[in-house]
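*Asks:* One structure is given below, represented as structure tokens, and several questions about it will come after.
None of the figures in this text is laboratory data; all of them are computed from the coordinates on show. Keep in mind the model is a prediction, meaning the values are calculated, not measured. When we count neighbours, we look across all protein chains shown, and the Cβ atoms used for this are built from the backbone with ideal geometry, even at glycine.
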Amino acid sequence: MIDFMVIAAPRSGTTWAANWLSTDTTICVHDPLLRVPRERLDEFSSPGKTLGIACTALYQFPEFVNAHPARKVIVHRDIREINDSLEELGVNPLEEDKVTTLLDSIAGVHVTTADLFNVDAAQHIYEYLLEKPFDPERHYELVKMQIQPEFACVPYNKAVIRNLFAELYRD
């Protein structure tokens, strides 16, 4: 069962957050909807560890997220920055009003991407999600790193992705 969630639009720091929130006692899976449908998210397991996800697709399903009992942090980033970053990757931009409305409709602790890298804000986020003491030294070292997925190595399930996109773009 998923214990915590970091929910955000793409290019908002979730890959970095998944790394930061994976420790000796926790695992944070990044973008699990590339591998399993959301109805099966709780099938992920990591025996003996606290399990979380950092997801850039779930914000589009606020009812599902709100119904899930996990502790939630919702990360906001300026939509212009998100779209600039997406365009650099050759991906179509997101609709500003839609992203903002969907993120705002999710219940949880709302933060900015910058908060992930600010030691004081990060301590609150970390301790809320992981329910364990914050490690400022580890955070300091990770803040100095740019962590992004190597897209060619990201595990995915084509059928799951096709179904996800079909659901997202249904009229």
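*Asks:* Which ³J(HN,Hα) values in Hz, rounded to whole numbers, follow from the phi angles of the stretch 101-111 under the Karplus curve 6.51 cos²θ - 1.76 cosθ + 1.60, where θ = phi - 60° and Gly and Pro get x?
*Replies:* Coupling constants for the stretch 101-111: 4, 5, 4, 5, 7, 8, 7, x, 8, 9, 9 Hz.
*Asks:* Using modelled amide H (1.01 Å from N, peptide plane; none on Pro or chain starts), what sits under 5 Å from the amide H of M5, excluding residues fewer than 5 places away?
*Replies:* I53, R71, K72, V73
*Asks:* Further, regarding this structure: Once phi is turned into θ = phi - 60°, what whole-Hz ³J(HN,Hα) does the Karplus curve with 6.51, -1.76 and 1.60 give for every residue of the stretch 17-23, x standing for Gly and Pro?
*Replies:* Listing the rounded values in order: 4, 4, 5, 4, 8, 9, 10 Hz.
*Asks:* Now for a separate question. Sort 13-26, 116-129, 49-62 by packing, meaning the average of other beta carbons within 10 Å per residue, with the highest value first.
*Replies:* Numbers: 13-26: 19.4, 116-129: 17.1, 49-62: 21.6.
The densest-packed peptide leads the list: 49-62, 13-26, 116-129.
*Asks:* Near the amide H of K49, under 5 Å away, which other amide H atoms are found, from residues 5 or more places off or on another chain, if H is placed in the peptide plane?
*Replies:* none
*Asks:* Another question, then. Cα centroids of the stretch 42-56 and the stretch 59-73: how far apart, whole angstrom?
*Replies:* Taking the Cα centre of the stretch 59-73 as reference, the centre of the stretch 42-56 is 14 Å away.
*Asks:* With r defined as the distance between the Cβ atoms of E141 and V109 and R0 fixed at 35 Å, what FRET efficiency is calculated, to the nearest 0.05?
*Replies:* Numbers: r = 24 Å, r/R0 = 0.68.
For R0 = 35 Å, the calculated efficiency reads 0.90.
*Asks:* Moving on to the next point. As a check on your grasp of the helix formula, calculate [θ] at 222 nm for the chain: sum -39500 (n - 2.57) over DSSP H runs of n ≥ 4, divide by the residue count, round to the nearest 500. Mind dumping the intermediate values first?
*Replies:* Values: 8 runs with 68 residues, N = 171.
One gets -11000 deg cm²/dmol as the mean residue ellipticity at 222 nm.
*Asks:* Using amide H atoms built in the peptide plane, which far-off residues or other-chain residues are under 5 Å from D31 H to H?
*Replies:* A54, C55, T56
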